[in-house]
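Take a look at the structure set out below.
The values are calculated or read from the model by the stated rules, or taken from the named source; none is laboratory data. Bear in mind the structure is a predicted one, so any value in this text is a computation, not a measurement. Don't worry about glycine lacking a Cβ; one is built from the backbone with ideal geometry, like all the others, and counts go over all protein chains shown.
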């Protein structure tokens, strides 16, 4: 005999749905428990939105959806609204209600028929509007706000329902980069505090970064369900998206990461040599690789994180022994690669006696780009010797910060 402790917050068993004779969902079986942040991923037409609407009782199919052991099919809309909240992708609102009025509609399931909102409803609404940075729009008509601002107001409405389960359909579709980051951070925080969120997510890298679990769908079926590391594999991405992806562990974030080759990977015939170390070159190498340049790098000491990055992307790199000065062989090979390169990039790396020969080699560049994000004086650990070489290089180089690197690339 099962107890309440045995019941999952959400249990979907054999859910199938047909629309106009077309099979949209096919025998979906899945569960969700407290504190999970689940990302629904998959190509367009995979059935992500349809599944969310089915979990929320909007779409009626065969099979069973249970919330805390209770069948959704026997619940009224008011009862469902007390258990499940859903943020839809469409942010359009037909009437010029104030943002506060919109958020207060999330409280309707708590009120009796024709009863007005209570002071505590306004308090809850303001709490979530403050949480989503929309309280400043409290009196503004919703149709005067931008799509992203409306999306955040509607997110506050969803939160004001105060349900255990929250469904988000492409929650960042109308948001700029800053607020996209914010809404996923909010969601992760809510899950840590006890909520469960299932979100249809278009951006796989965002899903990997924030979600604790991923469900990969294709043509109405679940083809993978598990941790990001177990779902984001070369085989799964090939089956779902029809692409050949490079999947690896990002040494910077520690998370699974991937690169999907495209037209940008067609070799441009431009050779770029990267000089770095201590993690200063990893982002640059990745950017160049994904832009399709012919990249070489070095000289790195064994164990350097930049060296690990070159291994991931298959970039030829020169290596020397750790805690030792660059030997003659590596120094000469470095010069050869620099002289063969159309551009040499000197990254924002620390300078020590072990890597000073990298600076000496950089003097052989026909076109030198120096990335300077911080004061070079703060990176010099040679008592000024390396700084002297560096300042001499700057006289013949283009000096930029890393955010402007694209401006100097062909």
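Here is how the numbers come out for the structure above:
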{"read-out": "Any chance residue 284 is touching a residue at least 24 places away in the same chain (Cβ under 8 Å), buried (at least 17 other Cβ atoms within 10 Å of the Cβ) and in contact with a strand residue (DSSP E or B) (Cβ under 7 Å, 6 or more places away or on another chain)", "value": "yes"}
{"read-out": "Unmet criterion (only one of (1) in contact with a helix residue (DSSP H, G or I) (Cβ under 7 Å, 6 or more places away or on another chain); (2) assigned to a helix (DSSP H, G or I); (3) within 21 Å of residue 30 (Cα to Cα)) for residue 230", "value": "(1)"}
{"read-out": "Matching residues, region 134-172, being in a loop (DSSP other than H, G, I, E, B) and either crowded, with 21+ Cβ neighbours inside 10 Å or under 21 Å from the mean Cα position of the chain (by Cα) (or both)", "value": "134, 161, 163, 170, 171, 172"}
{"read-out": "Residues of region 192-215 satisfying the condition of being in a loop (DSSP other than H, G, I, E, B), within 18 Å of residue 52 (Cα to Cα) and more than 13 Å from the chain's Cα centre (by Cα)", "value": "195"}
{"read-out": "Residue within region 372-379 that is assigned to a loop (DSSP other than H, G, I, E, B) and modelled with pLDDT of 90 or more present", "value": "yes"}
{"read-out": "Residue among 30, 85, 46 that alone is assigned to a loop (DSSP other than H, G, I, E, B) and in contact (Cβ under 8 Å) with a residue 40 or more places away in the chain", "value": "46"}
{"read-out": "Residues located in region 278-300, provided they are part of a strand (DSSP E or B) and out of contact with any helix residue (DSSP H, G or I) (no Cβ under 8 Å at 6 or more places or on another chain)", "value": "294"}
{"read-out": "Counted residues, region 357-375 - those being over 23 Å from residue 288 (Cα atoms) and buried (at least 17 other Cβ atoms within 10 Å of the Cβ)", "value": "1"}
{"read-out": "Filter pass, residue 15 being at pLDDT 95 or above and in the same structural domain as residue 200 (by TED's automatic domain parsing)", "value": "yes"}
{"read-out": "Unique match (being in contact (Cβ under 8 Å) with a residue 40 or more places away in the chain and surrounded by 19 or more Cβ atoms within 10 Å (Cβ to Cβ)) among 124, 67", "value": "67"}
{"read-out": "Residue list for region 316-354, restricted to those being outside any helix (DSSP H, G or I), under 28 Å from residue 259 (Cβ atoms) and in contact (Cβ under 8 Å) with a residue 40 or more places away in the chain", "value": "341, 342, 343, 344, 345, 346, 347, 348, 349, 350"}
{"read-out": "Hey, residue 189 crowded, with 18+ Cβ neighbours inside 10 Å and either closer than 25 Å to residue 69 by Cβ or in the same structural domain as residue 111 (by TED's automatic domain parsing) (or both) or not", "value": "no"}
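Table: residues versus (1) out of contact with any helix residue (DSSP H, G or I) (no Cβ under 7 Å at 6 or more places or on another chain); (2) surrounded by 15 or more Cβ atoms within 10 Å (Cβ to Cβ); (3) under 15 Å from residue 218 (Cα atoms).
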residue	(1), (2), (3)
13	yes, no, no
21	yes, no, no
29	yes, no, yes
42	no, yes, yes
45	yes, no, yes
50	yes, yes, yes
